[in-house]
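S.K.: The structure that follows is given in the form of structure tokens.
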Amino acid sequence: MRLAPPRETEPAAPPADESRLKYLGHVPERLRREPGGGPPPEYIKAIDQHIDDILHTPQDAKVRNYFENNIVKFIQVLRHLGIRVSSAETVDAINALTMVDIVVRPQVKAALRATLVKDPDEQFIFDRAFDLFFVPVEEKAARIEMREFRQAEEAAQMEYAERELRFQEQPLDLTDEQKAAYSKMGEEQKQKLKEFLDQSSGGHKVDRSFQPLIENIVRGHLERWKKQYEDEHGAIMKEKELTGDQELDQIIEEVLSGTGEEKDPILYEDMKNIPEKDIPKVTLIIKKLTRRLATRISRRYRMTRKRQQVDLRRTIRSNIRYGGTMFNLQYKSKKIEKPDILLICDVSGSMAKYASFVLQFIYGLSSVVRGIESFIFSEDLERVTPYFNEKRPFEETMAAIMNHSSIWGKGTDLSRALRTFHLNHRQSLTSDTIIIVVSDTKTLSAPEAAAIVGNMRRRVKDIIWLNTVPEKEWQDVSSVDYFREHCEMFECYTLAHLEKILRTQMA
């Protein structure tokens, strides 16, 4: 990011001050003041609209290195790293900076941390993101240059894979991940794959109608090699949820690489492929994740007029007009009404292993969050809530469910299962209910089942569908579109997916 010349209405400060403020970008005059005096009234009125303007500014105009732009972009980074920041909290953060000496970097960091971070688990992520984001423009430029170099290398590898992997001179339809996997293969393996394509292209009466079949064979080979590579190197070749902005993407990748969230490959392993020897390790990971998630849910608050605990964030916001003097105290209390969670989990043959991990998550939450109703289905529906209420170890609970179930591991008929639900349990549906469906959507009578889901959606707060099919393959599964019309659908075939969805959608 290049340092833009100051706007005419806000002349630049002397060079000595500019050098100390350089890491923040161009700082407007209204913030170059003695700390503690409170923000000017006209600034408070304008700042919310200004933030909205930045968020809706075309991308080419956002490159200006202005202070407000940088704060909003920093918040974009935090959101992509899983830290939830509202528009009101963004206003709070910028207003908080008028109460400190912005020349002093630790004060700026403390003000932003106090207004943007709500969970102790997020503090390390915030600190690392701040240290990487707020640096001189020269350092940012160097990082972007390095990232562009790596991207150019990756693009060259993609082009190389497209040239090499052809059927009758036509490029194969492969994902970028599959092309990247090919670029990492040894020369001997590449040669074998190219020989297969050459032989297939020149076969007797072979025409281009055979290309989809050949593509499926090549995709399968590359996916198997990719899996083997990840197992051997402990590396995960996966797509990240990034912003599209090179500078921000670079920071997100560096933060993730240092938080420990990407260091355990098992978090990103397809749950159906996790070997039995790793189940104890997975159990420990799930216990840790559910404990953290349950704590977040149990600590949610609601606003109240009763004088219980002071809501510091709302108190500061409501007293800005008084220059920070606490005339008007705001209070909060424990949130009494939490959403009712209703789980409907597919335990058919293709889904049984996924179901065991999802049920383990729900088992962990049920120890803290009351009112979770759990059902399993395949060719029909069974209620399993009483097993979780017995408070036995999870291994015993799962053994009891599987031993007593008459449907575990059978075929899938969601339509019949939902009719059984309506017949026996429809009183469980209220305006506070969040339904979580875990299924790959592959079922008999999908249109009929989707219509029932649509009727349920009108009676509940939300329906969250955890689809164990990777999102890039949804276009090949016709039943997906039937259900997406009536719910929020997320890909969920790894522990990382599962934890993130439950954390962002329920906590």
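What follows draws every value from the coordinates through simple rules; no lab data is involved. On a predicted model such as this, the values are computed, not experimentally measured, just so you know. With ideal geometry, Cβ positions are generated from the backbone for all residues, glycine too; neighbour counts draw on all protein chains shown.
S.K.: For segment 406-443 and segment 156-211, write down the distance between their C-alpha centroids in whole Å.
M.R.: 43
S.K.: To continue, here is another question. Describe numerically, in nm with one decimal, the distance between label points set 7 Å from Cα along Cα→Cβ at residue 204 and at residue 219.
M.R.: Between residue 204 and residue 219, the simple spin-label model gives 3.0 nm.
S.K.: So what are the ³J(HN,Hα) numbers for segment 343-355, from phi and the Karplus equation (6.51, -1.76, 1.60; θ = phi - 60°), rounded to whole Hz, Gly and Pro as x?
M.R.: 9, 10, 10, 6, 10, 5, x, 7, 10, 4, 5, 4, 4
S.K.: Go ahead and collect, in residue order, the members of segment 375-397 whose backbone nitrogen is under 12 Å from a label point 7 Å along the Cα-Cβ direction of residue 406.
M.R.: Only 380-382 fall inside the zone, counting backbone N under 12 Å.
S.K.: Something else now. Order these peptides, 206-216, 95-105, by their mean beta-carbon neighbour count within 10 angstrom, highest first.
M.R.: 95-105, 206-216
S.K.: Sort the following peptides by mean Cβ neighbour count (other Cβ atoms within 10 Å, averaged over residues), highest first: 340-351, 311-322.
M.R.: Per-residue Cβ counts within 10 Å, averaged per peptide and sorted highest first, yield 340-351, 311-322.
S.K.: Add +1 for every Lys or Arg and -1 for every Asp or Glu among the other residues with Cβ under 11 Å from the Cβ of residue 356, and state the total.
M.R.: Local net charge: +1.
S.K.: Right, next: Show me, for segment 73-78, the HN-Hα J-couplings you get by feeding each phi into the Karplus relation (A = 6.51, B = -1.76, C = 1.60, θ = phi - 60°), rounded to Hz, glycine and proline as x.
M.R.: 5, 4, 5, 4, 4, 4
S.K.: Another question about this same structure. Give the long-range amide H neighbours of residue 437: residues separated by 5 or more places, or on another chain, with amide H under 5 Å away, using H modelled in the peptide plane at 1.01 Å from N.
M.R.: 344, 464, 465, 466
S.K.: Rounded if a/c is under 1.5, else prolate if a/b beats b/c, else oblate: with a ≥ b ≥ c from the C-alpha gyration tensor eigenvalues square-rooted, which is segment 340-506?
M.R.: The shape class here is rounded.
S.K.: Enumerate the amide H contacts of residue 331 below 5 Å, restricted to partners 5 or more residues apart or on another chain; note that Pro and chain-start residues carry no placed amide H.
M.R.: Answer set, sorted by chain and number: 304, 311.
S.K.: From the phi angles alone, apply the Karplus equation (6.51, -1.76, 1.60; θ = phi - 60°) to segment 168-181 and give each ³J(HN,Hα) in whole Hz, x where the residue is Gly or Pro.
M.R.: Each residue's phi maps through the Karplus curve to give 6, 6, 9, x, 7, 7, 10, 6, 4, 4, 5, 5, 5, 5 Hz.
S.K.: For segment 372-441, which GluC sites (Glu not before Pro) are in a loop by DSSP, counting at most 16 other Cβ atoms within 10 Å?
M.R.: 379, 390
S.K.: With unit charges on the beta carbons (Lys and Arg positive, Asp and Glu negative) and the dipole taken about the Cα centre of segment 141-233, which residue among 217, 172, 161 sits farthest to the positive side?
M.R.: Checked the options; the winner is 217.
S.K.: Now for a separate question. Step through the table entries 288/500; 227/277; 192/472; 118/272, compare each Cα-Cα distance with 25 Å, and write down the pairs that go over it.
M.R.: In this structure, 192/472; 118/272 exceed 25 Å between Cα atoms.
S.K.: Efficiency by 1/(1 + (r/R0)^6): what FRET value for residue 312 and residue 278, r their Cβ-Cβ distance, R0 = 51 Å, to the nearest 0.05?
M.R.: Rounded to the nearest 0.05, the efficiency is 0.75.
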